[in-house]
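Engineer: Handing you a structure now.
The values are calculated or read from the model by the stated rules, or taken from the named source; none is laboratory data. Values in this document were obtained by computation on a predicted structure and should not be read as measured data. Please note: Cβ atoms are built from the backbone with ideal geometry, for glycine as well, and neighbour counts cover all protein chains shown.
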Amino acid sequence: MADKKPFYITTPIYYPSGRLHIGSSYTTLFCDAMARYKRLTGHEVFFLTGLDEHGQKIEQKAEENGITPQEYVDSMAVDVKKLWKHLEINYDHFIRTTDKQHVEVVQKTFERLLAQGDIYLGEYQGWYSVSDEEYFTETQLMEVYKDDQGNVIGGKAPSGHEVELVTEECYFFRMGKYADRLIEHYAAHPEFIQPESRKTEMLNNFIIPGLEDLALTRTTFKWGIEVPSNPKHVVYVWIDALMNYLSALGYSTDNDANFQKFWPASVQVIGKEIVRFHTIYWPIILMALDLPLPEKIYAHGWIVMKDGKMSKSKGNVVYPEMLVERYGLDALRYYLLRSMPFGNDSVFTPEDFVARVNYDLANDLGNLLNRTVAMINKYCDGFVPKYASHVTEFDSGLSTTAANVIGNYRKAMENMEVSVALQEIWSLVSRANKYIDETEPWVLAKDEERRAELNSVMVHLAESLRIVGVLLQPMLTQTPGKIFKQLGIDQVEFNMESIRFGEFPNDCKVISKGTPIFPRQDAEEEIAYIQEKMNEKAPANSVVWNPEETTLVSSKEKPAKFEDFEKVELKVAEIIDCQKVEGADKLLQFRLDAGDEGHRQILSGIAEFYPDPSELVGKKVAIVANLKPRKIRGLISQGMILSAEYDGKLKMIEVPKSIPNGSELA
Ligand code: MSP
């Protein structure tokens, strides 16, 4: 291990602003696969993830929930960690930007950059979107509102959120000073930004036109890290957030052993929308601190839906827990890692998800394992024969494919092309399935003289599956173990440094009856199931429920004003007597005690739902008590009984008997 380079991999730190969906989970899952791969190839790994807990949005969320920002982020941290545990994300450290160590590192760094002259105090005016926590120039706005004189008085950010004009005293970072060095770095390290197309975008859109100074602080909100020398300023999201990658390692603290060992980062994984921050601002901050830059910034694409971005309001959000519960963790891990092409977006559809589970997992891999275990039981009393190379004419074809797959897989994983690595594994799975058809073990089994060939086929299949299991270890957390167990291999994990075809352990006895590792799903049913779940409202998170995001359903066109409601007097009334009105099928005649001097009479059209009116006597209901009396079928009705309407039925709202008659409902 000592001669291998320590591997430091980071995810962005997440905003704890709501539940994480399959898209947001992707970054972390991808890093988990890479971290596992590096561990299994003998590297010492530090895998960092965490939460970006400051900012106005968080302050507002907390206020909406009636709790302090700290209470809010504490509860979100519990939820996010729970999700990562559920997805078996094996991180080494979970940083929170409210951690004391992080706060101190940010403050110290800020003061140092100020003293150095990289940071200066100025004034900022711009169009600010609270939801995006970002300033926009007028030209960046998606829509602008103008007054009669044509002055811009407001508008919408590209995200669709409203913006407001804000002028603030603000600290700025002199970005331009480092532009040339950054361009040189890009040129000298072609692998720095992956995929490379992102680099061109950064150069053409931001660096070459001239870097603007970056606003670093705010005075309009409090929930952030204070600037020690000017505490009315809090450090605004980016410098606070970016510094997490260093503070988590103990940079500039008394305990910086991890920093010494792991910095510069081997790879920092991000989504495509935060490339600018990580490939321009972050490297420049590091240059100002005289620190080496990360080796690689890797930007992946997005998981989107057919109708664009996942969003609660569109009702197209897919939560990972639902898929895990129904199809198992590895089905989700496989799907996400397999579907996302290098650097591009991937579209989630229920059809595609179910197809991958059925074809790739249940059919191709699951059946190969099932058939292999069944044949070894049938033809070899369950014992995997000893490996010998090249007995049948097809053996070398299979072992050559395996060797190629191992090589290509390695190359793909080193390039962080996890999806390609999975495709490689499946090419071995397909080759092994084809090998069964070519060698026809059932024919060999009929001829005792061909025993050696049969044995060779069996061990070649078992060995192919072992290799598949070994190569799957970074991506799938449960399947490799299940494959090894079904093949009778004791080992639960294989180091991947020197993996070779032909090293199947001796004396393994397969299990007597293999169970399918991925049950085949009824496609139609499951597509409908996922679709239905996508349309469901998100289950409320412990505290994170934003009432403003709830669509209120009303059958009335106009909302009632509070004053309208106040006019209505609702009371508790006890049913003293109830009977049908002769000649009127629908009407019931009620005598009620609503705390008045005498009893009152109400007629209600609910007879068909209460065939035996006498049973209602003694129940307490809610009535509208101040309706103007009116006559129905010649009988006076002095109010209205409240009923709930559902499934075409009407049922009276019952009130607990302990509430005195005449109590007002408010
Ligand atoms: N807090 C910032 C990052 C600061 S890092 C110094 C942030 N947080 S985030 O919560 O909005 O995003 C976290 C990660 O989730 C990002 O990598 C983002 O790209 C990823 N994703 C969020 N939705 C996504 C998809 N639909 N698909 C794939 N990844 C997406 O940005």
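Engineer: In this structure, is Thr98 of a type in the set (Ser, Thr, Tyr), under 21 Å from Glu226 (Cβ atoms) and more than 16 Å from the ligand (Cβ to nearest atom)? Full working, then the answer.
Structural biologist: Details: of a type in the set (Ser, Thr, Tyr): yes; under 21 Å from Glu226 (Cβ atoms): yes; more than 16 Å from the ligand (Cβ to nearest atom): no.
Spelling it out, it is not the case that Thr98 is of a type in the set (Ser, Thr, Tyr), under 21 Å from Glu226 (Cβ atoms) and more than 16 Å from the ligand (Cβ to nearest atom).
Engineer: In the stretch 111-126, how many are part of a loop (DSSP other than H, G, I, E, B) and either among the aliphatic types (A, V, I, L, M) or in contact with a helix residue (DSSP H, G or I) (Cβ under 6 Å, 6 or more places away or on another chain) (or both)? Even if it seems obvious, please write down each step before you answer.
Structural biologist: Here is the first cut: in the stretch 111-126, the residues part of a loop (DSSP other than H, G, I, E, B) are 117-118.
Keeping just the survivors that are either among the aliphatic types (A, V, I, L, M) or in contact with a helix residue (DSSP H, G or I) (Cβ under 6 Å, 6 or more places away or on another chain) (or both) gives 118.
The qualifying residues number 1.
Engineer: Is it the case, given these coordinates, that Leu291 is within 16 Å of the ligand (Cβ to nearest atom), farther than 20 Å from Pro195 by Cα, surrounded by fewer than 19 Cβ atoms within 10 Å (Cβ to Cβ) and more than 16 Å from the chain's Cα centre (by Cα)?
Structural biologist: yes
Engineer: Next question, about the same structure. Among the residues of the stretch 268-288, count how many are more than 10 Å from the ligand (Cβ to nearest atom) and of a type outside the set (Ser, Thr, Tyr).
Structural biologist: If we filter the stretch 268-288 for residues that are more than 10 Å from the ligand (Cβ to nearest atom), which is where we start, we get 276, 279-280, 283-288.
Narrowing the set further to residues that are of a type outside the set (Ser, Thr, Tyr) leaves 276, 280, 283-288.
Count: 8.
Engineer: Could you look through the stretch 127-174, keep only residues that are among the basic types (Lys, Arg) and outside any loop (DSSP other than H, G, I, E, B), and pick out the one that is modelled with the lowest pLDDT?
Structural biologist: Among residues in the stretch 127-174 that are among the basic types (Lys, Arg) and outside any loop (DSSP other than H, G, I, E, B), the one modelled with the lowest pLDDT is Lys146.
Engineer: Something else now. Among the residues of the stretch 61-76, is any of a type in the set (Val, Ile, Thr), near the ligand (Cβ under 10 Å from one of its atoms) and modelled with pLDDT of 95 or more?
Structural biologist: Within the stretch 61-76, not a single residue is of a type in the set (Val, Ile, Thr), near the ligand (Cβ under 10 Å from one of its atoms) and modelled with pLDDT of 95 or more.
Engineer: Would you mind listing the helices (runs of 4 or more DSSP H) fully within the stretch 436-503 where at least 1 residues are surrounded by 14 or more Cβ atoms within 10 Å (Cβ to Cβ), of a type outside the set (S, T, N, Q) and in contact with an Asp or Glu (Cβ under 6 Å, 6 or more places away or on another chain)?
Structural biologist: On the way: elements: 441-444, 451-472, 479-486.
Where helices (runs of 4 or more DSSP H) fall fully within the stretch 436-503 and carry at least 1 residues being surrounded by 14 or more Cβ atoms within 10 Å (Cβ to Cβ), of a type outside the set (S, T, N, Q) and in contact with an Asp or Glu (Cβ under 6 Å, 6 or more places away or on another chain), they are 441-444, 451-472.
Engineer: A follow-up question, please. Check Val317, Val304, Val324 and return the single one that is crowded, with 20+ Cβ neighbours inside 10 Å and either among the basic types (Lys, Arg) or farther than 17 Å from Lys199 by Cβ (or both).
Structural biologist: Val317
Engineer: Looking at the stretch 20-33, which of the residues that are within 13 Å of Arg333 (Cβ to Cβ) and hydroxyl-bearing (Ser, Thr, Tyr) is nearest to the ligand (Cβ to nearest atom)?
Structural biologist: Initial filter on the stretch 20-33 (within 13 Å of Arg333 (Cβ to Cβ)): 22, 25-26, 28-33.
Next, from what is left, pick out any that are hydroxyl-bearing (Ser, Thr, Tyr): 25-26, 28.
Working: Ser25: 8, Tyr26: 4, Thr28: 8 Å.
Once the filter is applied, the top-ranked residue is Tyr26.
Engineer: Still on this model: Please specify each residue of the stretch 165-179 satisfying the condition of being of a type in the set (Val, Ile, Thr) and out of contact with any Ser or Thr (no Cβ under 9 Å at 6 or more places or on another chain). First the steps, then the outcome.
Structural biologist: Pass one, the stretch 165-179, residues of a type in the set (Val, Ile, Thr): 166-167.
Passing the criteria: only Thr167.
Engineer: Also, quick follow-up: Starting from the stretch 27-54, keep only residues that are under 30 Å from Phe221 (Cα atoms), then list their pairs with residues that are part of a helix (DSSP H, G or I) and at pLDDT below 95 whose Cβ atoms are within a distance under 9 Å, requiring at least 6 positions of separation or different chains.
Structural biologist: Pairs that qualify, where the first residue is under 30 Å from Phe221 (Cα atoms) and the partner is part of a helix (DSSP H, G or I) and at pLDDT below 95, are Asp52/Ile58; Asp52/Val237; His54/Val237.
Engineer: Which number in (1) in contact with a helix residue (DSSP H, G or I) (Cβ under 6 Å, 6 or more places away or on another chain); (2) more than 26 Å from Leu337 (Cα to Cα); (3) surrounded by fewer than 23 Cβ atoms within 10 Å (Cβ to Cβ); (4) not basic (Lys, Arg) marks the one condition that Glu63 misses?
Structural biologist: (1)
Engineer: Same structure again: Among the residues that make up the stretch 34-47, is at least one of them within 13 Å of the ligand (Cβ to nearest atom) and either in contact with a Leu (Cβ under 6 Å, 6 or more places away or on another chain) or modelled with pLDDT of 95 or more (or both)?
Structural biologist: Scanning the stretch 34-47, I find no residue that is within 13 Å of the ligand (Cβ to nearest atom) and either in contact with a Leu (Cβ under 6 Å, 6 or more places away or on another chain) or modelled with pLDDT of 95 or more (or both), so the answer is no.
Engineer: Let me ask you something else. Quick check on the stretch 70-127: of everything there that is of a type outside the set (Lys, Arg) and without any contact (Cβ under 8 Å) to a residue 12 or more places away in the chain, which residue is nearest to Cys31 (Cα to Cα)?
Structural biologist: Asp74
Engineer: Just the residues that are of a type outside the set (Val, Ile, Thr) and more than 8 Å from the ligand (Cβ to nearest atom), please, taken from the stretch 1-14.
Structural biologist: First pass over the stretch 1-14, keeping only residues of a type outside the set (Val, Ile, Thr): 1-8, 12, 14.
Met1, Ala2, Asp3, Lys4, Lys5, Pro6, Phe7, Tyr8, listed by residue number.
Engineer: If Ser17 satisfies all but one of (1) modelled with pLDDT of 95 or more; (2) within 15 Å of the ligand (Cβ to nearest atom), what's the number of the condition it fails?
Structural biologist: (1)
Engineer: Here's something else I'd like to know. Which is within 12 Å of the ligand (Cβ to nearest atom) and in contact with a strand residue (DSSP E or B) (Cβ under 7 Å, 6 or more places away or on another chain), of Ser339, Ser311?
Structural biologist: Of Ser339, Ser311, the one residue that is within 12 Å of the ligand (Cβ to nearest atom) and in contact with a strand residue (DSSP E or B) (Cβ under 7 Å, 6 or more places away or on another chain) is Ser339.
Engineer: Follow-up. Looking at Ala215, Ala241, Ala265 in this structure, which one is crowded, with 22+ Cβ neighbours inside 10 Å, more than 11 Å from the ligand (Cβ to nearest atom) and touching a residue at least 40 places away in the same chain (Cβ under 8 Å)?
Structural biologist: Answer to the selection: Ala265.
Engineer: How many residues are buried (at least 16 other Cβ atoms within 10 Å of the Cβ) and away from the ligand (no atom under 16 Å from the Cβ) if we restrict to the stretch 220-233? Full working, then the answer.
Structural biologist: As a first pass, look at the stretch 220-233 and keep what is buried (at least 16 other Cβ atoms within 10 Å of the Cβ): 221, 223-227, 233.
Remaining after also requiring away from the ligand (no atom under 16 Å from the Cβ): 221, 226-227, 233.
Number satisfying all stated conditions: 4.
Engineer: If you check every pair at least six apart or on different chains, which have Cβ atoms under 9 Å apart with a residue in the stretch 308-322 that is of a type in the set (Gly, Ala, Ser) first and a residue that is near the ligand (Cβ under 10 Å from one of its atoms) and at pLDDT 80 or above second?
Structural biologist: Ser311/Met305; Ser311/Val317
Engineer: Please give the number of the condition Phe383 fails out of (1) away from the ligand (no atom under 16 Å from the Cβ); (2) out of contact with any strand residue (DSSP E or B) (no Cβ under 6 Å at 6 or more places or on another chain).
Structural biologist: With (1) away from the ligand (no atom under 16 Å from the Cβ); (2) out of contact with any strand residue (DSSP E or B) (no Cβ under 6 Å at 6 or more places or on another chain) applied to Phe383, the lone miss is (2).
Engineer: Same structure, new question: Suppose the filter is within 16 Å of the ligand (Cβ to nearest atom), hydroxyl-bearing (Ser, Thr, Tyr) and either within 27 Å of Gly126 (Cβ to Cβ) or in contact with a helix residue (DSSP H, G or I) (Cβ under 7 Å, 6 or more places away or on another chain) (or both); does Ser247 pass it?
Structural biologist: The answer is yes for Ser247.
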